[in-house]
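Structure, as C-alpha cells:
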Amino acid sequence: MLGSLLLAVSRSPLARRAVSGFPVTRHVVDRFVAGEDAGDALRAVRRLTDARLTVTLDHLGEETKDARAAAETVKAYVTMLDTLRPLGLGDRAEVSVKLSAVGQMLDDRMALDHAREVCAAARDAATTVTLDMEDHTTVDSTLSILRDLREDFPSTGVAIQAYLHRSEQDLRELSREGSRVRLVKGAYREPATVAHQKKTEVDKAYVRCLRILMEGKGYPMVATHDDRLISITELLADEAGRSRDSFEYQMLYGIRTDKQEALAAAGSTVRVYVPYGDDWYGYFMRRLAERPANVAFFLRSLRSK
Ligand code: FDA
C-alpha cells in the first residue's frame, strides 16, 4: 500500500519539488547514491573495486522529453567511460543506461543512436553496457533497440523484470549464446494485467525466470538482495552444471553491503550498481517504495532537524 503510493508519487513533478526541497533529504539520498558528480562516482568505483567487487555505473536521469538533456546524458556517459579507460578496469566497471534518459520518449531512433555512442565508448574502454528496464510500456522498444545494438556490440546486456507475465517468454528468446541478462524482480507500479502483484508470486516467477537463464547459454546476472533467491541461484547453477564464473550477482549501492562482500569473499563475482548525479528523485523514491523501513528512516531524519 505505502509502496504503491510512493511509486505513484515517484512520477509526480509536484512531489519531486517538495521532496527535493528538504535540505535534509540529501543526507538520506547519500545512502543510496554515490554522489552528485563523476568524481564522487570514481571514488566509489575505487573503493568497491579495491574491495574485490565489480561495478556498473548509472548516470541518474530518466523520462526526459528534452533532446538537449538526452544529448547531455550521452556526453556524461562518454566522458565517464573515457575517464575509466586508462584505469584499465575493463569489464570490472561497466555502465547501465536507461533508454528514457537518452531520448526513448521522444523517438526510438534517437535513443538507438545515443545508445550506440555510449556502447562505442564502452568498447573503447574494454567494457560494456547493460540497458535498464523501465515501465512495461517500454519493454518492446527496449528489446528492439537491444537487438539492433547487439549487431555491432554483442556484449550489450539488458535487465528483465520477473514480475512481468511476458518475461519467461522474453527470456527463452534472450538466453542464447553470448547474451547477458540481468534478472530483477521489477521496481515500477504495474497493473495486474501485465504483472504479478503479490510478493510471493513475484518471487516464484523470479525462480522460474532464473531456471530459464541458468539452463540457457547466456551469462545470467542475478540482481537481487534476497537471501532465499541467492541460495536457490546456487542450487540451480549446480543443477545446470554451471561454474561459479559463468554467472554473477548484482546488488544496489548501499544495500546489503555485508552480503556483497561475503559473496565476493566466497569467490563469486558481485557487481554493485552505482548511481550518481543530481537527478536522483525517481531512483530514490523506488528505493523507499521497496522497503517501508527506509521511509521511517527518512521521516526520522526530517524530524531530527
Ligand atoms: P526484496 O525487495 O524482496 O528485498 C530482499 C531484501 O533486500 C530485503 O528484505 C532487504 O533486506 C533488502 N532490500 C531490498 N531493497 C531494499 C532497499 N530499497 N533498501 C534497503 N534494503 C533493501 N528494477 C527494474 O524495474 N528495472 C531495472 O532495470 C532494475 N535494475 C536493477 C539493477 C540491480 C543491480 C538491482 C540489484 C536491482 C535493479 N532493479 C531494477 C530493482 C529490482 O527490480 C528490485 O526492486 C530491487 O532489487 C529489490 O528487490 P530484491 O530482489 O532485492 O528483493
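Give the residue, chosen from Lys204, Lys199, that is free of Cβ contacts under 8 Å to residues at least 12 places away in the same chain, over 19 Å from the mean Cα position of the chain (by Cα) and near the ligand (Cβ under 10 Å from one of its atoms).
On inspection, the qualifying residue turns out to be Lys199.
Yes/no matrix, rows are residues, columns are (1) in contact with a strand residue (DSSP E or B) (Cβ under 7 Å, 6 or more places away or on another chain); (2) at pLDDT below 95; (3) not in a helix (DSSP H, G or I):
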{"residue": "Leu7", "(1), (2), (3)": "no, yes, no"}
{"residue": "Arg11", "(1), (2), (3)": "no, yes, yes"}
{"residue": "His27", "(1), (2), (3)": "no, yes, no"}
{"residue": "Arg31", "(1), (2), (3)": "no, yes, yes"}
{"residue": "Ala69", "(1), (2), (3)": "no, no, no"}
{"residue": "Thr73", "(1), (2), (3)": "yes, no, no"}
{"residue": "Thr79", "(1), (2), (3)": "no, no, no"}
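One line per residue, one yes/no per condition, for (1) assigned to a helix (DSSP H, G or I); (2) open to solvent by less than 50 Å² (accessible area, probe 1.4 Å); (3) modelled with pLDDT of 90 or more:
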site	(1), (2), (3)
Ser268	no, yes, yes
Arg271	no, yes, yes
Pro275	no, yes, yes
Asp278	no, no, yes
Arg286	yes, yes, yes
Ala293	yes, no, no
Leu302	yes, yes, no
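Scanning segment 167-191 for residues that are without any contact (Cβ under 8 Å) to a residue 60 or more places away in the chain and open to solvent by 70 Å² or more (accessible area, probe 1.4 Å) yields a total of 5. All told, Asp152 meets the bar of being touching a Lys or Arg at 6+ places or on another chain (Cβ under 8 Å) and more than 23 Å from Tyr283 (Cβ to Cβ). The number of residues in segment 39-67 that are under 11 Å from Ala101 (Cβ atoms) and outside any loop (DSSP other than H, G, I, E, B) comes to 2.
Residues that are surrounded by fewer than 21 Cβ atoms within 10 Å (Cβ to Cβ) and assigned by TED's automatic domain parsing to the domain that holds Asp245: does segment 93-104 have at least one? Checking segment 93-104: not a single residue is surrounded by fewer than 21 Cβ atoms within 10 Å (Cβ to Cβ) and assigned by TED's automatic domain parsing to the domain that holds Asp245. Scanning segment 138-166 for residues that are open to solvent by less than 10 Å² (accessible area, probe 1.4 Å) and under 22 Å from Arg242 (Cα atoms) gives Thr156, Gly157, Val158, Ala159, Ile160, Ala162.
From the list Leu229, Leu236, which one is open to solvent by less than 30 Å² (accessible area, probe 1.4 Å), among the aliphatic types (A, V, I, L, M) and over 22 Å from the mean Cα position of the chain (by Cα)?
On inspection, the qualifying residue turns out to be Leu236.
Of all residues in segment 237-281, those being more than 11 Å from the ligand (Cβ to nearest atom) and of a type outside the set (Lys, Arg) number 24. Could you tell me whether Arg109 is more than 21 Å from Leu42 (Cα to Cα) and either among the aliphatic types (A, V, I, L, M) or open to solvent by 60 Å² or more (accessible area, probe 1.4 Å) (or both)? Taking the combined requirement at face value, the residue satisfies it.
Scan segment 208-226 for residues that are β-branched (Val, Ile, Thr) and either within 12 Å of the ligand (Cβ to nearest atom) or open to solvent by 90 Å² or more (accessible area, probe 1.4 Å) (or both) and report the count. Number of matching residues: 2.
The values are calculated or read from the model by the stated rules, or taken from the named source; none is laboratory data. Given the structure is predicted, the values throughout are model-derived calculations rather than measurements. Note: ideal-geometry Cβ built from the backbone for every residue, glycine included; neighbour counts use all protein chains shown. What goes into the accessible areas is simple: the full protein's heavy atoms, side chains included, and nothing from ligands, DNA or RNA. Shrake-Rupley method; radii C 1.70, N 1.55, O 1.52, S 1.80 Å.
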